1. Straight-line reach only, C-alpha to C-alpha below 21 angstrom: list the lysines that Lys49 could link to, leaving out same-chain residues fewer than 8 apart.
2. Tell me the label-point distance for the pair Ser289, Leu50, using the 7 Å Cα-to-Cβ offset, in nm and rounded to one decimal.
3. Return the long-range amide H neighbours of Leu352 (sequence gap of 5 or more, or a different chain), with a cut-off of under 5 Å between placed amide H atoms.
4. Cut-off 13 Å, label point 7 angstrom out along Cα-to-Cβ of Glu93: give me the residues of region 220-238 whose amide nitrogen falls inside.
5. Residue-wise, which Karplus ³J(HN,Hα) couplings in Hz belong to region 55-66, taking 6.51 cos²θ - 1.76 cosθ + 1.60, θ = phi - 60°, and x for glycine or proline?
6. For Thr486, list long-range residues whose amide hydrogen, built 1.01 Å from N in the peptide plane, is under 5 Å from its own amide hydrogen.
7. I'd like to check one number: the per residue accessible area of the chain, probe 1.4 Å, reported in Å² as a whole number.
8. With r as the distance between the Cβ atoms of Ser80 and Ala315 and R0 = 35 Å, compute the FRET efficiency 1/(1 + (r/R0)^6) and round to 0.05.
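The values are calculated or read from the model by the stated rules, or taken from the named source; none is laboratory data. Note that this is a predicted model, so its numbers are computed, not measured. Cβ placement follows ideal geometry from the backbone for every residue including glycine, while neighbour counts extend to all protein chains displayed. Ligands, DNA and RNA are excluded from the accessible area calculation, which covers all protein heavy atoms including side chains. Shrake-Rupley method; radii C 1.70, N 1.55, O 1.52, S 1.80 Å.
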Amino acid sequence: MKQNPSLALRAVLAVLLETGFYALSIGLAALLAAVPVLELLVAERLHLKLALFCLVGAGTIVWSIFPRRDRFSAPGPEISREEAPGLHALVDELAAATGQPAPERIYLVPDANAWVARRGGFMGIGARPLMGIGIPFVAGLGAGELRAVLAHEFGHFVGGDVRLGPRIWRTRAAIERSVESLGKRSGLLQAPFLAYGRLYLRITQAVSRAQEFAADALSARLAGPAAAAGALRSTTRISAAHELYWGNELGPVLSRGFAPPLAEGFRRYLEAPAIAPALAAAEARELESDATGAYDSHPSTRARLDAIAALGLPAPAGGEDGPAASLVPGLPALEAALLARLAGEGRKFEPLAWESTGEAVWLAYWREWAKELPAPPAGTPLAEAARLAADAALFPAEAEPTREGETPAEAARSRKVSSLGFNLALALRAAGWTAATGPGEQLRLVSGDKAFDPFEAAAALASGELGDEAWRGRCAALGFAEVPFTAA
């Protein structure tokens with residue numbers, strides 16, 4: 001495939017900007033170092049404070065721009081051909097289609113991202129091509145969408161971005177070190193580096209945005225415009241869901257020493273009825289805006305989708321698109337290796353199905369949290385919960401806020417909902433009901449064909465929406481009117 005014709009211009013621009021920065025730095029350092037020498041030679045005197053200021057400033061600049069050694073550490077387990085023959089076949093196909101060498105190593109990484117890089121060698125000579133693929137992409141994308149994502153990354157190889165990127169990042173890091181170091185000593189010396197840094201960032205980020213458009217165009221040609229556009233939309237949802245999944249679903253389970261299937265859990269989280277509408281709304285908000293800031297590294301998603309549509313490419317003929325995870329049959333072993341790397345040496349996890357997390361994980365949390373809250377008197381029938389919810393002695397109208405911006409009344413209501421929810425759940429568990437949940441699902445108690453959501457009921461009881469008579473009727477219908485509250 002022909003190389004991007006703008007590569008030479010990008011390379012010249014990057015070198016000019018890099019040269020300009022180092023010329024500024026070395027020139028200013030030399031000028032500072034010369035001041036005390038010239039004063040001594042010309043005026044035959046030396047102001048110690050001025051000499052110290054100049055020499056320390058010159059030394060700080062030289063220290064800041066001095067190149068740092070780039071040490072590469074594998075960001076995750078390597079995905080071998082044996083573990084993912086389909087993925088390697090896809091990468092090989094894209095490499096051949098773009099005339100680029102296939103990455104020597106492909107890594108599974110924990111974040112919602114995919115990248116290509118060249119690492120190793122000396123001053124870029126002899127560097128090896130590498131690729132990283134985030135497990136959220138493996139879990140949440142279709143195979144065609146993953147093809148589009150990887151084709152986009154190969155676009156960075158074709159465009160020369162992978163070669164130019166390290167130079168840009170090294171220069172940016174040197175500018176940041178200079179600004180930070182000089183800011184501790186002199187705002188006067190810091191000022192030219194701040195100004196150059198802003199100029200450098202504006203220009204290089206504009207180049208980066210152009211690179212993204214070019215990589216999107218290659219992705220659309222190799223994977224089809226529908227797959228390229230679908231990948232952009234899907235990665236928007238995946239990015240919005242990833243942090244919530246790790247924080248609210250996976251993190252609490254891992255902290256108890258259990259390891260449920262990561263990719264399966266994330267796929268189910270994306271599809272959960274309680275989660276999918278919120279992710280669709282997040283995608284819609286992202287697509288509403290076409291604004292791109294001067295310092296943004298990527299164009300807006302709306303602008304990228306419009307650019308793909310403007311290419312006018314025909315849809316390629318193809319078969320059915322399966323999940324991206326089908327390309328990685330060795331995913332369970334890779335997940336275990338990724339978790340082991342993230343957890344650190346010596347940490348062990350016990351495998352656990354998501355369906356078992358209610359019993360194995362959340363019950364323990366409820367017991368701990370319930371001890372910190374006001375509790376219904378042990379032995380009181382659950383049918384009395386509506387009366388207890390209205391008891392101002394048990395649940396005062398105000399409580400100490402625990403979150404920023406929370407009012408005492410809101411804090412009190414939150415404590416009431418939590419107390420009732422935890423204690424309803426624990427009482428039913430003691431009576432033989434089972435805690436059931438899954439990724440993105442509200443926890444419920446089940447017994448045979450009966451199911452009960454303790455936290456939905458607790459919220460209705462706390463607000464007064466569920467009155468005493470209606471609550472007693474629900475308890476009777478579900479058969480737990482006489483079940484007693486237990487001690488947490």
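1. Lys184
2. Distance between the two pseudo-spin positions: 5.0 nm.
3. Distant-sequence amide H within range of Leu352: Ala259.
4. 222-224, by backbone N distance to the label point.
5. Each residue's phi maps through the Karplus curve to give 5, 5, x, 4, x, 5, 5, 5, 4, 5, 8, 5 Hz.
6. Gly379, Ala427
7. Values: 24140 Å² over 488 residues.
Dividing the accessible area of the chain by its residue count gives 49 Å².
8. Details: r = 34 Å, r/R0 = 0.96.
Calculated value: 0.55.
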